[in-house]
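Take a look at the structure below.
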Amino acid sequence: MSRTRDDLFTELFANRSDACVDASGVTETTGVTGVTGVTPDGAAWLASAGSYPRSMLALWAERPHAPVVLPCGSAFDVVNTPAIFGRRMLDRLWDEGPGTGPVAAFRGRILMFAAPGTAQRLPSLLRWEEFSRTDGIPPLLCHGTGDAVTVPAPADTYAASPAPSGTRWLVAPDTRNPWLPGPEVLLWAAVRAARAAVRISIFPHADQDAKVYDVSRRR
């Protein structure tokens with residue numbers, strides 16, 4: 001019996017339930033419970049953002065390292081931050097807040113997947129006078145309806161080095177219905193990151209251990 005494309009796609013993720021995603025996008029086998037890479041359900045969620053989800057899954061089954069461009073506004077919005085500030089926001093969200101939804105790195109930027117509607121609401125919240133006096137919040141690019149983003153390939157979670165496209169998963173999607181932060185949560189993280197007295201990065205120097213996010217800690 002010949003294998004279906006779904007079979008091929010499932011095999012892409014076989015035997016990786018113990019994979020641990022670190023801050024650089026590199027995975028290692030650990031005993032940390034609840035930390036996984038892109039799963040078939042997570043890939044199905046990503047594909048659902050496009051017009052032809054089955055074709056997207058088939059593409060990834062045949063070319064597991066192929067990044068794709070997906071539209072925003074239906075399954076997710078994306079908040080696009082400078083790398084350093086984005087890392088500080090991630091630290092605040094994981095250390096003091098509810099965690100994050102999927103997060104990707106793209107050519108020196110951090111892409112935070114957010115609830116649909118965030119791209120429309122967050123800029124207005126940031127413009128409020130109460131928060132306009134907060135120094136240190138750089139311009140945040142908000143991608144919503146009518147926009148599209150480059151999504152890392154599922155296999156790029158496991159790459160030993162960044163993919164040629166410069167994209168990789170930092171927090172990989174692992175369910176068909178991932179929790180996604182809304183504009184209020186991301187505003188809170190941005191303000192906390194800007195007000196932090198000590199500059200914190202989730203990407204230590206190369207000679208230090210990378211920070212690991214345990215997705216089971218999401219609230």
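Just so you know, all these numbers are worked out from the coordinates, no wet-lab data involved. Predicted model, so just to flag it, every value in this text is computed and none were measured. Glycine gets a Cβ as well: all are built from the backbone with ideal geometry, and neighbour counts include every protein chain shown.
Using alpha carbons only, how many angstrom separate the centre of region 77-120 from the centre of region 135-149? For region 77-120 versus region 135-149, the Cα centre distance is 10 Å. Label sites at Asp41 and Glu184, each approximated as a point 7 angstrom past Cα along Cα to Cβ, lie 2.7 nm apart. Per-residue packing, averaged as other Cβ atoms within 10 Å, sorts the ranges 184-190, 169-175 into the order 169-175, 184-190, beginning with the highest.
When the GluC sites (Glu not before Pro) in region 59-145 are filtered for DSSP coil states and for at most 12 other beta-carbon atoms within 10 Å of their beta-carbon, the remaining sites are Glu96. Simple spin-label estimate for Gln120 and Thr145 gives 0.5 nm between the two label positions (7 Å along the Cα-to-Cβ direction from each Cα). Label-to-label distance for Ser51 and His65 is 3.0 nm, based on points extended 7 Å past Cα in the beta-carbon direction. Length gained on full extension, Trp128 to Ala83, computed as 0.36 nm times the residue gap minus the Cα-Cα distance: 13.8 nm.
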